[in-house]
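One structure is given below, encoded as structure tokens.
The values are calculated or read from the model by the stated rules, or taken from the named source; none is laboratory data. On a predicted model such as this, the values are computed, not experimentally measured, just so you know. With ideal geometry, Cβ positions are generated from the backbone for all residues, glycine too; neighbour counts draw on all protein chains shown. To get the accessible areas, we keep the full protein, side chains included, count just its heavy atoms, and leave off ligands, DNA and RNA. Shrake-Rupley method; radii C 1.70, N 1.55, O 1.52, S 1.80 Å.
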Amino acid sequence: MAVYEIGTYIHDMRVERGYSQEELCFGICSAGNLSKIENGIRTPNRKTVEAFTQRLGCRDVFLQYSSREEMQQAELCSQIVQKITNYEYEGLEELVDRFEHTIAKEDILNSQYCRFTRIMLKQREEENWALGIQELEETLRMTKPDGIGIREVLKGLLTYNEIMILIHIARNYRKLGKRDEAAEILQGLKVYMDTHIMDRAEKAQKYLLVLFQLSRLSMDKKQYEETVDLCNQGIAISKENSRFCLFPRFFINKGLALLELKEEEQAKEALQRGYCAFYALGNEKQCEQLKKFLKEKWEIL
């Protein structure tokens with residue numbers, strides 16, 4: 001694999017997946033530029049390679065190809081992703097500032113991720129869900145141009161940036177009470193990940209986010225049995241892939257749904273497991289909130 005030319009690799013994976021050049025490069029570069037990359041005439045930067053391999057559903061195997069600047073940029077991006085994934089916002093803004101200073105003017109893909117992260121930080125302060133949707137859609141259009149609706153976006157190939165943006169657009173719709181719009185996006189993403197080849201680690205992370213938002217949505221709709229089923233899927237995938245950020249939250253959602261279904265013993269067990277998971281992860285704030293609820297409800301903990 002070390003001697004596999006980048007352009008040849010992208011070409012072979014694209015042909016194997018059955019995608020046209022236009023499908024793969026849409027919003028990233030022109031088909032002409034992709035053709036030059038595949039034929040070894042043009043060398044893409046690291047972020048472009050990442051975007052192609054993400055849409056192709058395979059790992060980026062060209063770390064040795066990166067420049068020192070690109071590796072430093074990738075390290076900053078990795079730290080930002082880790083903080084967002086773990087809901088750790090302390091120091092995040094400083095990391096984003098440092099990351100933004102490394103981005104070249106023509107670097108659409110890194111600019112898109114930086115802009116998305118700033119919207120997440122802003123929403124923590126303002127919680128303006130309607131404005132958030134507008135800003136997220138503008139960010140999505142950096143690689144999915146004007147005139148392309150959400151349904152059409154979901155029919156195309158997606159990078160991990162685009163998937164994350166779509167998940168948060170759906171979350172904002174749910175916060176506004178626009179459940180049909182949220183469900184359309186989340187179900188569309190679930191179908192996409194069920195039917196397209198993706199890197200396993202990335203799929204697990206994004207799939208869990210989709211399942212979690214769907215479980216919240218089904219709770220809103222009072223579809224409690226569906227909530228339990230979605231949470232059970234999330235718990236199983238979390239364990240299979242050693243992804244535990246949302247693990248306790250699935251137990252909490254499951255427990256609350258079981259309470260509504262009058263399954264008190266099962267609900268108590270799920271909520272206690274959620275407490276133990278939060279405790280193991282060191283989330284003291286969630287532990288205290290859950291401890292208070294369990295004590296009031298059953299005089300336990």
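Things to note:
- D_trans [Stokes-Einstein, Kirkwood Rh over alpha-carbon pairs] for segment 155-242, 25 °C, 0.890 mPa s, µm² s⁻¹: 187
- In the full protein context, the chain carries 52 Å² of accessible surface per residue, based on a 1.4 Å probe and ignoring ligands, DNA and RNA.
- All lysines inside 25 Å of Lys239 as judged from Cα atoms, apart from same-chain residues fewer than 8 positions distant: Lys83, Lys190, Lys203, Lys206, Lys254, Lys268, Lys285, Lys291
- Sequence of Val191, Val96 from largest to smallest accessible area, 1.4 Å probe: Val191, Val96
- Accessible surface, 1.4 Å probe, highest first, among residues Arg118, Arg174, Arg55, Arg98: Arg98, Arg118, Arg174, Arg55
- Values of log10 I(q)/I(0), in the order q = 0.11, 0.15, 0.19, 0.23 Å⁻¹, for segment 187-291 under a Debye, Cα-only, solvent-free model: -0.33, -0.61, -0.93, -1.21
- Pairs of alpha carbons in segment 164-208 whose separation is greater than 13 Å (percent): 54
- For the set Arg14, Arg179, solvent exposure ranked by accessible area (probe 1.4 Å, protein chains only) runs largest to smallest as Arg179, Arg14.
- In the assembled protein chains, Ile150 presents an accessible area of approximately 40 Å² (probe radius 1.4 Å).
- Carbon + sulfur, % of accessible area of the chain - ligands and nucleic acids excluded, 1.4 Å: 46
- For a modelled paramagnetic label at Gln266, 7 Å from Cα along Cα-to-Cβ, the residues of segment 201-224 in reach, with backbone nitrogen under 14 Å, are 224.
- Taking every Cα-Cα distance in the chain and sorting them into 20 Å bins starting at zero, the pair-distance distribution P(r) comes out as 30, 56, 14, 0 percent.
- Cα centroid separation - segment 273-296 against segment 122-164, whole Å: 33
- Pairs of Cα atoms nearer than 8 Å and 6+ residues apart set the relative contact order; for segment 178-301 it is 17 percent.
- The figure for Glu135 is an accessible area of roughly 40 square angstrom, using a 1.4 Å probe on the protein chains alone.
- Projected label distance in nm at Glu202 and Trp298, using a 7 Å step from Cα toward the beta-carbon: 4.1
- Kyte-Doolittle mean at least -0.5, axial Cα span of 27 Å or more - DSSP H helices of the chain: 200-220
- Each label was represented as a point 7 Å from its Cα along the Cα-to-Cβ direction; for Thr195 and Gln233 these points are 1.5 nm apart.
- The chain - percent relative contact order, Cα under 8 Å, separation 6 or more: 12
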